[in-house]
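The values are calculated or read from the model by the stated rules, or taken from the named source; none is laboratory data. Model, not experiment: these values are computed from the prediction. No Cβ is skipped: glycine too gets one built from the backbone with ideal geometry, and neighbour counts run over all protein chains shown.
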Protein chains: 4
Amino acid sequence: MRAQRNAAAQAGSARRRELLTIAERQFATRGFAQTTIRDIADEAGILSGSLYHHFPSKEAMLGEALQEFLEGLLARSVAIVEQGDRPREVLDQLIRESFATINAAPDAVALYQNEKSFVAETPGFEFVAKLSRDIEKLWLGVIKSGRAAGEFRTDLDVNLTYRFIRDTVWSTVGWYRLGGRFSHHAVAEQYLSLLHGGMLKN
Amino acid sequence: MRAQRNAAAQAGSARRRELLTIAERQFATRGFAQTTIRDIADEAGILSGSLYHHFPSKEAMLGEALQEFLEGLLARSVAIVEQGDRPREVLDQLIRESFATINAAPDAVALYQNEKSFVAETPGFEFVAKLSRDIEKLWLGVIKSGRAAGEFRTDLDVNLTYRFIRDTVWSTVGWYRLGGRFSHHAVAEQYLSLLHGGMLKN
Amino acid sequence: MRAQRNAAAQAGSARRRELLTIAERQFATRGFAQTTIRDIADEAGILSGSLYHHFPSKEAMLGEALQEFLEGLLARSVAIVEQGDRPREVLDQLIRESFATINAAPDAVALYQNEKSFVAETPGFEFVAKLSRDIEKLWLGVIKSGRAAGEFRTDLDVNLTYRFIRDTVWSTVGWYRLGGRFSHHAVAEQYLSLLHGGMLKN
Amino acid sequence: MRAQRNAAAQAGSARRRELLTIAERQFATRGFAQTTIRDIADEAGILSGSLYHHFPSKEAMLGEALQEFLEGLLARSVAIVEQGDRPREVLDQLIRESFATINAAPDAVALYQNEKSFVAETPGFEFVAKLSRDIEKLWLGVIKSGRAAGEFRTDLDVNLTYRFIRDTVWSTVGWYRLGGRFSHHAVAEQYLSLLHGGMLKN
DNA sequence: AATGAATGAGTGTTCATTCAT
DNA sequence: CATGAATGAACACTCATTCAT
């Protein structure tokens, strides 16, 4: 109701970053709604009320985590596309980058996967839909270029193809475990191989 | 908790089925934890306390919905496998059946997708992991047979391949809309085509 | 956020009336903001959460109390004006009625006096300003008629006169005590005598 | 609590006076309990904790504001009474002084009006009741003298008359606006005219 | 089969105050 | 003089659940 006015709510604080990391992990693990402000505070070793010295609300913590994640992902995706490689190579790199992101920041990815639908209708979270759309446009552009360049099949619907790829890649966060049997590189290469050539023996 | 049943909680009741359908839709839309017993009661036109005449708890409603869904899915999957077709054909049919299930019971699918991780650690819900495993074994068996029969590539990891397929198929529930641009048949065929031959032009 | 949907929130309940009376007294004594939901629940002998079975919010309790008070006061005022007596007589009766109201429902009067300014800017409480204005119009009309009829002095500003009278009358609630030295009739007659003839000996 | 003073909390500080003015206005506008220490600090451009360098507590700010107001008012009232004019003239001057005070320090007046009942039972605020009583004695003395001198009517109760006057005068703070249609002089004269001669045409 | 009243534990949030720096 | 981090108690409100009727 009253505007945010906390000096501590500035980006700079190290403590703030610590708390956000804790929140991110808990949100990712338990779900945003199921995580209580007391859970986060407990893990940080402070009282729940003290969190409000750093963040104006629980929702703000979610928002910050999502924004950081999406802006980083978009920036890295843009950088890949702007390198100017051939579409097929660009798509492969986007996919590899996605698996690398899952490996580097599984909590943020899981958070995004789990909460994006809840967050869609929440005021103040419009940026989620917007950044998601920006990223989507990037991918769709690459796929279209690849079709035009004769690299990709044209008998498949562009949007469906994009969604199949996107869903497969990001779903990985649900079962990929750090230090598991496969490195994120291996998982990426396996998926790329399947995507390129299909499952059938020829 | 789940085992106990009121007299009125017998399987036969039509009212009971009505209430479960309402609960299923709300759980699927809002999430289990975010749905209140009052949301359900409101839509049913009764008071929240009255739900306890039909179900012993909110969790019991979730359990029943999940059980019904998973048992049906397993039964249909077993039936497909038992037809004795060649593995490639069986796999295609399993995939088609999945898309058909998404089309026929999107709430149950979404419910399962959203709550399976929460439910994993909840006592009384062991059947979820068990039935999921049964279905997984079925799919893995088909894939292995296909490899042995020389129909599928053998340079891909079986488990990874299974997970890629499973995730892609079930994720569809997040964006597939009844009466949208594509019928569930069309979506299935597009995915099968991509899965069979890959994305690259040859 | 969700609409009111409580069957118990109907006007009819006796328990509801009891709770509202308790709330009214506490709001009047301590102030609305200083009264906690637990204060009210404690006096009613229930837990604080149980109040929400009867009222959707603390503000709703305030709103109901104010509405009941203002609508009753307006109705009684209209009835007095419509009797068609001469303005001087009507004004006297309005004043007597005000003192009677203070005597009969001191809590409601004090509540209104204390909270009307807070409530002025609160969404959902527009009716307070509206009913207050309706009552004001009634009084102003009577004073103007009395001036036109040659009963009241015309060298005094109408609006100031109204406010002087209104403030004096309602302020009484701050010190008038049931069973004190003066009955409300006596207080009314003393004020009327002062208002009619002034303070100076002639 | 109030007695204790930091070194910096000496009377002389200009910053202190600034802060107190801000607090006074906010207390008057929003109410003491509804004003947070942060509201005050925000307007002053410092952090809430820093206020405690100047004042030992929020209550102490209220206490200081009230004391300053009441002591000033009492002093000015005593000065008027001690001039030795005839009671009728003294009463008029007391009333004029009251309206002038409302004009000069509306925040302090509003503060006193709003918080005097809350403050009545608060330890450390006994001076409020005492100074109020001192002022009341002054007014009652003037009225009694006027009756004895044959200037005022004797058929009205002294205490009731005093309260009627006091309430009317101070209530003005609720609607009198600086730069409004009437100067405080005009309002005073209108009220004196009504009080002297009454409302009826003779 | 349903109501209506209540419980009790918990949820996000607020806020005066303290204190090391 | 002020900051920034924290406390601890309180607050309005939510919700699954119980139970007498």
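Within the stretch B:186-202, can you find the residues that are within 7 Å of another protein chain (Cβ to nearest Cβ), in contact with a Lys or Arg (Cβ under 9 Å, 6 or more places away or on another chain) and of a type in the set (A, V, I, L, M, F, W, C)? B:Leu194, B:Met199, B:Leu200 - these are the residues of the stretch B:186-202 that are within 7 Å of another protein chain (Cβ to nearest Cβ), in contact with a Lys or Arg (Cβ under 9 Å, 6 or more places away or on another chain) and of a type in the set (A, V, I, L, M, F, W, C). Considering (1) within 11 Å of chain A (Cβ to nearest Cβ); (2) within 23 Å of A:Gly174 (Cβ to Cβ); (3) of a type outside the set (Phe, Trp, Tyr), the lone condition that B:Ser98 does not fulfil carries the number (1). Considering only residues in the stretch B:108-136 that are assigned to a helix (DSSP H, G or I) and more than 14 Å from every other protein chain (Cβ to nearest Cβ), the one that is surrounded by the most Cβ atoms within 10 Å (Cβ to Cβ) turns out to be B:Ala108. Evaluation of B:Gln83 against the conditions (1) closer than 30 Å to B:Ser145 by Cα; (2) crowded, with 19+ Cβ neighbours inside 10 Å shows that the sole unmet condition is (2). Considering A:Arg88, A:Arg153, A:Arg133, A:Arg163, the condition of being more than 21 Å from A:Phe27 (Cα to Cα), without any contact (Cβ under 8 Å) to a residue 24 or more places away in the chain and in contact with a strand residue (DSSP E or B) (Cβ under 9 Å, 6 or more places away or on another chain) is satisfied by A:Arg153 alone. In this structure, is C:Glu97 surrounded by 21 or more Cβ atoms within 10 Å (Cβ to Cβ), assigned by TED's automatic domain parsing to the domain that holds C:Ala75 and of a type in the set (D, E, K, R)? Criteria not met by C:Glu97.
Determine whether A:Ile37 is over 21 Å from A:Leu192 (Cβ atoms) and among the hydrophobic types (A, V, I, L, M, F, W, C). When the stated conditions are applied, A:Ile37 passes them. The residue list A:Ala120, A:Ala41, A:Ala60 contains one member that is hydrophobic (A, V, I, L, M, F, W, C) and closer than 24 Å to A:Thr168 by Cα, which is A:Ala120. Among the residues of the stretch A:72-83, are any in a helix (DSSP H, G or I), more than 23 Å from B:Val169 (Cβ to Cβ) and within 13 Å of chain B (Cβ to nearest Cβ)? Checked against the condition, which is being in a helix (DSSP H, G or I), more than 23 Å from B:Val169 (Cβ to Cβ) and within 13 Å of chain B (Cβ to nearest Cβ), the stretch A:72-83 yields no hits at all.
Within the option set B:Ala105, B:Ala75, being surrounded by fewer than 15 Cβ atoms within 10 Å (Cβ to Cβ) and among the aliphatic types (A, V, I, L, M) holds for one residue only, B:Ala75.
Name the residue that is nearest to the other protein chains (Cβ to nearest Cβ), counting only residues in the stretch A:147-185 that are in a loop (DSSP other than H, G, I, E, B) and among the basic types (Lys, Arg).
Residues of the stretch A:147-185 in a loop (DSSP other than H, G, I, E, B): A:149-151, A:153-157, A:175-183.
In the following step, the residues that additionally are among the basic types (Lys, Arg) were identified as A:153, A:177, A:181.
Numbers: A:Arg153: 5, A:Arg177: 12, A:Arg181: 8 Å.
Top of the filtered list is A:Arg153.
Consider the stretch D:14-56 and keep the residues that are away from DNA strand F (no atom under 12 Å from the Cβ) and away from every other protein chain (no Cβ under 14 Å). The one that is surrounded by the most Cβ atoms within 10 Å (Cβ to Cβ) is D:Ala23. If you go through the stretch D:1-44 and pick out every residue that is more than 15 Å from DNA strand E (Cβ to nearest atom) and at pLDDT below 95, you end up with 9. Quick one: which residue in C:Phe55, C:Phe99 is closer than 30 Å to C:Ser183 by Cα and aromatic (Phe, Trp, Tyr)? Within the list C:Phe55, C:Phe99, the selection yields C:Phe99. Inspection of the stretch C:57-69 finds a residue satisfying the criterion of being modelled with pLDDT of 95 or more, within 15 Å of DNA strand E (Cβ to nearest atom) and loosely packed, with under 15 Cβ neighbours inside 10 Å.
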